[in-house]
Amino acid sequence: MAEALIFIGCPQISVPSPLALYIVDFPRNAGLEPFVAANPSAKQLVKMSDPKRHYITKYHNLEKTFGDLADGAISYPPISLIHNNVALTFTATISTVSHASLMPPIFFGEHAYELADEVKFE
């Protein structure tokens, strides 16, 4: 089964964990197996939210996954969760190195609309 990648960066706020669990249905309904690439803290929060792995069964290291995308070793359609400028910059970089044709960013948090207005990548 083809896979879909959900990027989660710093868990500065608690929203990414339940949001990741919520959005896994979208790629799954499209016939893709979702997995999470996250930093250790974010990965642990998602795992704690889904201890029996009903929603997300696979996790990858954020930096290694980014490197694999850049090297062309993997080509999953990535979904990026964005709540601050750092995540927006990271997402823009991912969109540049990813070979996937579609990369939906998901904006959330207090400044979601302002961040969405700053998008300069395709």
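A few comments on the model shown:
- Selection from the stretch 89-107 of residues that are at pLDDT below 85 and not β-branched (Val, Ile, Thr): PHE90, ALA92, SER95, SER98, HIS99, ALA100, SER101, LEU102, MET103, PRO104, PRO105
- Of all residue pairs spaced 6 or more apart or on separate chains, those with beta-carbon atoms under 7 Å, a first member in the stretch 43-69 that is among the polar types (S, T, N, Q) and a second member that is part of a helix (DSSP H, G or I) are SER49/SER17; SER49/PRO18; SER49/LEU21.
- Single condition LYS47 does not satisfy, out of (1) surrounded by 15 or more Cβ atoms within 10 Å (Cβ to Cβ); (2) under 14 Å from the mean Cα position of the chain (by Cα); (3) of a type in the set (Lys, Arg): (2)
- Meets criteria (under 14 Å from the mean Cα position of the chain (by Cα), small (Gly, Ala, Ser) and either surrounded by 20 or more Cβ atoms within 10 Å (Cβ to Cβ) or not in a loop (DSSP other than H, G, I, E, B) (or both)) for ALA92: yes
- Pairs linking a residue in the stretch 70-88 that is within 12 Å of PRO104 (Cα to Cα) to a residue that is hydroxyl-bearing (Ser, Thr, Tyr) and assigned to a loop (DSSP other than H, G, I, E, B), with Cβ atoms under 7 Å and 6 or more positions apart or on different chains, are PRO78/SER98.
- Filter result for SER17 (within 24 Å of THR89 (Cα to Cα), within 13 Å of the chain's Cα centre (by Cα) and among the hydroxyl-bearing types (Ser, Thr, Tyr)): yes
- Candidates are the residues of the stretch 1-18 that are of a type in the set (A, V, I, L, M) and surrounded by 18 or more Cβ atoms within 10 Å (Cβ to Cβ); the one that is farthest from VAL86 (Cα to Cα) is ALA4.
The values are calculated or read from the model by the stated rules, or taken from the named source; none is laboratory data. Only a predicted model underlies this, so the values are computations on that prediction, with no experimental measurement involved. Here Cβ is always computed from backbone atoms with ideal geometry, including for glycine, and neighbour counts include all displayed protein chains.
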